[in-house]
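Student: Before I ask anything, here is the structure I am working with.
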Amino acid sequence: MAHVPRSNHPKPRRSSGRSSQRPSGRQANRPVTGGGWDLDGQEGWRHHGLSTLQHFADGSWHVRAIPSYAAAKEYRCPGCQQVIRPGVSHVVTWRADGPRSDAQVEADRRHWHQRCWENHSPRR
């Protein structure tokens, strides 16, 4: 039997009606959502819970974990300059110190590999 690599690309949605087949395996255990994950919109962030506040030598940062099932876009990690592919869990960070508008916070958000974020700067 030939080995077929797993695809990290989501399958296209069916456009009509309900499917009579039940999802099996890992797919059956995924959380039910009202649609795709819009992490750039306000609604998408609600599904990920609260951010944590972490203190490093370069300042205080809000950090939010993005689980693999919610990672729907490609991002470039500022720590290693490699692509974070859809389906790969990672963290989103933004500065906690200093006054910032919502637009500035959104523009300042960065997606990091978990290990790259942990190694980006010494903790205080």
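Student: Would you mind counting up the charge near residue 84? Only other residues with Cβ under 10 Å from its Cβ, with Lys and Arg at +1 and Asp and Glu at -1.
Tutor: Numbers: positive: 73, 76, 85; negative: 74.
Result for the neighbourhood of residue 84: +2.
Student: Beta carbons within 10 angstrom, averaged per residue: use that to sort the peptides 96-104, 115-123, highest first.
Tutor: Ranking the peptides 96-104, 115-123 by packing returns 115-123, 96-104.
Student: Something else: Any chance you could run the full-extension gain for residue 85 through residue 68? It's 0.36 nm times the residue separation minus the Cα-Cα distance, nm to one decimal.
Tutor: Computed gain between residue 85 and residue 68 is 5.1 nm.
Student: Right, something else. For residue 90, what residues show an amide H to amide H distance below 5 Å, using hydrogens built from the backbone and excluding near sequence neighbours?
Tutor: HN-HN under 5 Å from residue 90: 66.
Student: Using alpha-carbon pairs under 8 Å, 6+ residues apart, how would you state the relative contact order of the stretch 41-118 in percent?
Tutor: Relative contact order of the stretch 41-118: 28 percent.
Student: For residue 115 and residue 76, calculate 0.36 nm times their separation in residues minus their Cα-Cα distance, and state this gained length in nm to one decimal.
Tutor: Length gained between residue 115 and residue 76: 12.6 nm.
Student: Which of the three applies to the stretch 41-118, rounded, prolate or oblate, going by the alpha-carbon gyration tensor with a ≥ b ≥ c and a/c under 1.5 meaning rounded?
Tutor: Here the stretch 41-118 falls in the oblate category.
Any read-out appearing in this document is the output of simple, stated calculations on the displayed coordinates, not a laboratory observation. As the structure is a prediction and not an experimental result, all values here were calculated from the model. All Cβ positions, glycine included, derive from the backbone under ideal geometry; neighbour counts span all protein chains shown.
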